Amino acid sequence: MGTTASQLGKDLLSEYQELTFLTKQEILLAHKRFTELLTKDEKELQNTRVPTERILTLPELKSNPFRKRICHVFSTSEQKDGSLTFEDFLDLLSAFSDSATLEIKSHYAFRIFDFDDDGTLDRGDLEKLVNCLTGETDETRLTRDEMRQLIDNILEESDIDKDGTVNLSEFQHVISRSPDFVSSFKIVL
Amino acid sequence: MTSYSNGAFFNPAYHDSETLEIDRSSSKTHHTNPYAGDDRAVAHYSTGPTSSDDVAGRVPWGGWQEESWKGRESIPMGLMSTRPGSPSWQHDLNHSTFQIPPGSQYDRSTSVRLPSAPSGNMTMRWRGITMRRMSMFPNGNPTHIAFTEDAIRNEMENEEQNLVKELVALSTRDRILAIRDLPMSVDEKKHIRSQVLAFKSSKQSRQFTCFADCSENVSLSFRRCGYSLRSARQTLELWHGIMKEIGGTFGTSVLSYFVFLKWLLMFNIFSFLVNFGFITIPLLVFDPSPNIPPNVSFRGLEILTGAGYFQYTVMYYGGYSNETLKGPVEYNMQLAYFFTIAIYMVLCGIALIFSMASSFKKNYVLADPSSNKAWQLLSSWDFSITNEKAVRQRKNNLRVQLKESLSEKAQRELLTLSEKLKHFGVYLGFWLLSTGLTVGCGASIYYLCQYEQQQATDAANWSLLQEAQTLLVPFVVSLMNLVVPLFYSLFNKFEHYSSHRRQIYALVVRNVLLKMSILAVLCYYWMNVVAKKFSCWESMVGQALYRLVIFDFLFLMLGSFFGEFLSNVIGTRLLPRLGVPEFDVARNVLELIYAQTLAWIGIYFSPLLPAIQIFKLFILFYIKKVSLTRNCQPPRRSGRAAQMQTIFIALLFLPCFVGALSMVAYTAWILTPSEQCGPFRGLNNTFSVVGVWIDDLGGIPGSQWVVWIYQNVIKSEIFYFLISLIIIVIIYIFWQVTQGRKQLIVLLRQQIVNEGKDKSFLLDKLQSLQKCQPDKKSKQKTQKKDEHSLGGQSNSNAMVQALLARQQLEEEEEGRDTGGVPVPSDISTSSALIQAMLARQRAYDQDGDERLSSSSALSQAVQARQMAEGQETDEYYSTDFSENPINTSSAVAQAMQARQRAEEEDGADDLPSSVSSVMMQVMQARQIAEEEDRPQWVPAPTQNPSPAGSSALIQAMLARQQAQNEYDDGY
């Protein structure tokens, strides 16, 4: 078993550099961190999938309230179990990197917040989103009334065409107006 | 709203419908894409009978038309330059782009967009493609899977091909950016890239040239170079780990302080390198030993005072000679000193202006302070927070904030007049108080300076006491800077500002006023008193600045002790009610700004001051970091960190840098340099060094042009007059453009809202139709017929409305309305636009409905009309090939007539004749509308500017506007 750096070929590295927003160091670091997640047998194999549970042991993701969604969105697994290959992992880091565009970031943020994967943020999604933000337990949750009011407010502000849901373009519109988003939608290894 | 209650069934159709369809459907595909094997995804693609390769394969679209399309296309997209490709893809491309005319419109108007242009362009294209995919296969009914997997795959491949072909046409750099910007997984990107490369190489083998090869190589190596530069920058990144830790525990807003600190540090390193390299090193090389009088020795106190021994070193202005250094090359110290400082100042100014402008653009232009409060909270989850405790805390804070905002909204009541007056009185009182404090500080500093000036002598050798006395002024200044802001914070507690932001702004303004007035008094003293009294006054000023910098540093450390450590102790031990303090970003950043102002003022008097500044900032970083992690808790409110950052940079520029610059410029232009020391001794003012140099140059043949420029440009008033005039005119023009765009944005926004209303109205209609449908169904024998009749039925209903709107053919249509479909009586009062749209959509849909499933028929009415049109094309392509362009309204009347005829025939075939006649009416109306419309298409592009934000929404808005133009003008 060679060192982590040599496992990534030079061609592959430059290809990743071209396809993601990451720099060489970041890719190498990502590879190192990813290999640490693998068990001994898996290291021998190519393109191993690391299950969600093990990905979530990463300190960068461990306490994130959206961790499961993040894995789910970036996973290319057929079974939709949220397991990540190295390339998926790179995708994740690329979208959360400093140099990713607002476009990419808001697109993935939308998918992360779209809990039922139906392409729009409807009331159910927004409710889950608020719950994720405020904590899931009963005493931390907002009351039913507050929740309804909050979601009404959100829809009133962002649902431009008044169809009762927030779609991607409306979401991106809102995001483009809160400039902090780019700096806060960031995960650095 | 009804749409919502209808839930899952209606939603997809809804989201593919016209308003904002470009973006919306992209979302659709993006999220279905990853699970292409999913059943649902298949269901999505199930109904549409066409796939774009049918369309693509169909060449006979009419040559003239194709030409017109090419014309339209090649301007905006800029990627058709290599359009020799197969005719099939040519068509396909046309086909796909016609559906997003707004996109191309938009692109055309933004041909000047810089690096982001290609990516934006590509994204639009990609979205266009995905949109089409979605609208071609609308929410299918699973029972009607008429579409095999093969067809779907074909369709997808086809679109991919389009994408690839577009990418091929881009330049290498743009292509990489474009691919990187696709919201797909690495694997898909890889696939696309390999296809692009394959395509490219196959083409290149045909038209291989040495030049292309070379340029390819060069660009490749440039790219490699760029990557390695980026990597190198990453390696050099200072404090990466610490920054991450701070961000992980305290969030972005606190982190922004450290980012700012780091930025200042880099700035100072740059200025140190410039000054050291061009002024100090040459001097040291030629004359390494400072000429220190024999009776002066290093006593230790100099480190604090900067006086005595230091006075004769290269630390200060006085330590530099005015000679031309003679060595292997001649080095004119005077010119070097002057130009280094001047160019440094100009570079600083440019750097500040650029960072300020870009930050303004990013954070202010797009931000809308009036709304988005709730979203502010929701979209502000800081993904960089990794600390478990911090996450919990942040959740708590968010919950409190959400509840607060809710209750605020609930009980937002108007203040009575007396309350308003009371608030106003409180503000006024505190503002007067704080201004009084500022004035008092300024005055006391002035008298203190007077006192110091009486004590100080011009002697070379000061006693220790004399030297220590010089510390009085910097001590008092720094003390004021430490204590008075605390008072201001106290005032803030009593003022009860309505918003957190206003509170911070008030605090910032007061602090800046204080600091600037103190500095202004000091500068006045230096310019008017010190400059006349001392023989080597520049060095005296340099010393004073040195002392200020050093004391500022000491007090910053004290400040973090008192500001954070003490309040932590008080908060945890003595008064638990107060709690652990938060890190006050605003106060700390203002301290940094003040420190930087000192360094800028001092650059002329003490060229090596940046070195002290570097040291100071470096230490400060660690002190603040320790103080932060030990004493502070994460901020309770997630303020608008990015906007504060912008304000800070603006403050750094406007009062601080501009103030320092004018101070230095005043010194260089007006004041007489000291006679005994420094590089400019013997001159009337510093600037005359340039005049002397020019006179010298005049003697050298070949450099007459420099003299000419100096005489006619630098020294002439008319030049500056003209320049300012031109700049003012340009500013005015830009301002007007901005105003126009603002209005346009308001209009577009309004239109989106209107569209939303239209849509909900249509949905209402459709739902009510659907409800009365079941009893009709039983009469139908086959489902096919059912569909047909449904199409006819809803068609008739639509016609009713169209007629009501136009007040024509009313009786005829009423007779047709046998199905008992309820037509609301208030229909005529609702806008004609809606009804016309409805009529039009129905008219199209009738064709669609015949072929599509019944349950989805209704929702299809609202769907992107491309779908219907695409199907129509499919059906009548032999006669009705002009269908598609009509959509983008570039169709000529000829095409319209042809089409109308075709539709008449069709109507006669399929529907009762009354319907066909109605349809004819509709079509004629539309034709007129479109004819009227056409002249407008010429100015349209200029009307569509490239909004700075280039947000997807605005693109969608543009789309809507164009669509609306069609109707508004027609009906």
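The values are calculated or read from the model by the stated rules, or taken from the named source; none is laboratory data. Nothing here was measured: the structure is a model prediction, and the numbers come from that model. Note that each Cβ is placed from the backbone with ideal geometry, even for glycine, and that neighbours are counted across all protein chains shown. Each accessible area value is taken on the protein alone, full model and side chains, heavy atoms only, with ligands, DNA and RNA left out. Shrake-Rupley method; radii C 1.70, N 1.55, O 1.52, S 1.80 Å.
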(request) Could you give me the radius of gyration and the Dmax of the range A:11-95, taking only the C-alpha atoms into account and expressing both in angstrom? (result) 12.4, 36
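Quick one: Cα convex hull volume of the range B:253-683, Å³ per residue?
Values: hull volume 73.1 nm³, N = 431.
For the range B:253-683, the hull spanned by Cα atoms encloses 170 Å³ per residue.
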(request) Give a residue-ordered list of calculated ³J(HN,Hα) values for the range B:497-510 (Karplus: 6.51 cos²θ - 1.76 cosθ + 1.60, θ = phi - 60°; whole Hz; x for Gly, Pro). (result) 5, 5, 10, 4, 5, 4, 4, 5, 4, 4, 4, 5, 4, 5
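Averaged across A:146-153, how many Cβ atoms of other chains sit within 10 Å of each residue's Cβ atom? Provide the component values of the computation, followed by the final result.
Values: counts 6, 2, 0, 7, 8, 1, 2, 9.
That works out to 4 on average.
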(request) Over all alpha-carbon pairs in chain A, figure out the percentage whose distance exceeds 19 Å. (result) 64 percent
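Give me the accessible area per residue for the range B:253-683, probe 1.4 Å, as a whole number in Å². Please report the intermediate quantities before stating the final value.
Details: 19190 Å² over 431 residues.
Per residue, the range B:253-683 has an accessible area of 45 Å².
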(request) Would you please put B:319-325, A:76-82 in order of how densely packed they are, using the mean number of other Cβ atoms within 10 angstrom per residue and starting with the highest? (result) B:319-325, A:76-82
(request) Determine, from the Cβ-Cβ distance of residue B:707 and residue B:533 and an R0 of 35 Å, the FRET efficiency 1/(1 + (r/R0)^6), rounded to the nearest 0.05. (result) 0.35
(message) Give me a comma-separated list of calculated 3J(HN,Hα) values for the range B:331-336, in order, Karplus coefficients 6.51, -1.76, 1.60 applied at θ = phi - 60°, integers in Hz, x for any Gly or Pro.
(response) 10, 7, 4, 4, 4, 4
(request) Take every Cα-Cα pair in the range A:102-184 and report what % of them are more than 22 Å apart. (result) 24 percent
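Which entries in A:80/B:200; A:10/B:189; A:40/A:80; A:186/B:403; A:105/B:189 show an alpha-carbon gap greater than 28 Å?
Details: A:80/B:200 35 Å; A:10/B:189 18 Å; A:40/A:80 24 Å; A:186/B:403 26 Å; A:105/B:189 17 Å.
Beyond 28 Å between Cα atoms: A:80/B:200.
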(request) Bin width 5 Å, alpha-carbon pairs only: give the P(r) of the range B:425-584 as whole percents, running from 0 to the bin holding the largest distance. (result) 2, 8, 15, 17, 16, 14, 11, 8, 6, 4, 2, 0
(request) Within the range B:481-533, report the trypsin sites (Lys or Arg not before Pro) that DSSP leaves as loop and that have at most 12 other Cβ atoms within 10 Å. (result) none
(request) List every residue whose amide H lies under 5 Å from the amide H of residue B:332, counting only residues 5 or more places away in sequence or on a different chain, with H placed 1.01 Å from N in the peptide plane. (result) B:325
(request) Could you work out the mean count of beta carbons from other protein chains within 10 Å of each residue's beta carbon in B:177-189? (result) 6
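Using the beta-carbon distance between residue B:350 and residue B:764 and R0 = 56 Å, what value does 1/(1 + (r/R0)^6) give for FRET efficiency, to the nearest 0.05? It would help to have the intermediate numbers written out before the result.
Working: r = 58 Å, r/R0 = 1.04.
The calculated FRET efficiency here is 0.45.
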(message) Please report the projected area of the range B:716-778's Cα convex hull averaged over all directions, in nm².
(response) 5.1 nm²
(message) Can you list residues from other chains, or at least 5 along the same chain, whose modelled amide H is less than 5 Å from the amide H of residue A:50?
(response) A:84, A:85
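R0 = 25 Å: FRET efficiency of residue B:435 with residue B:472, Cβ-based, nearest 0.05?
On the way: r = 26 Å, r/R0 = 1.03.
Once the sixth-power term is evaluated, E becomes 0.45.
Send over a whole-number figure in Å² for the accessible area per residue of the range A:11-95, probe 1.4 Å.
Numbers: 3580 Å² over 85 residues.
Ligands and nucleic acids excluded, the figure is 42 Å² per residue.
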(request) Give me a single rounded figure for A:104-112: the average over its residues of other chain Cβ atoms within 10 Å of their Cβ. (result) 4
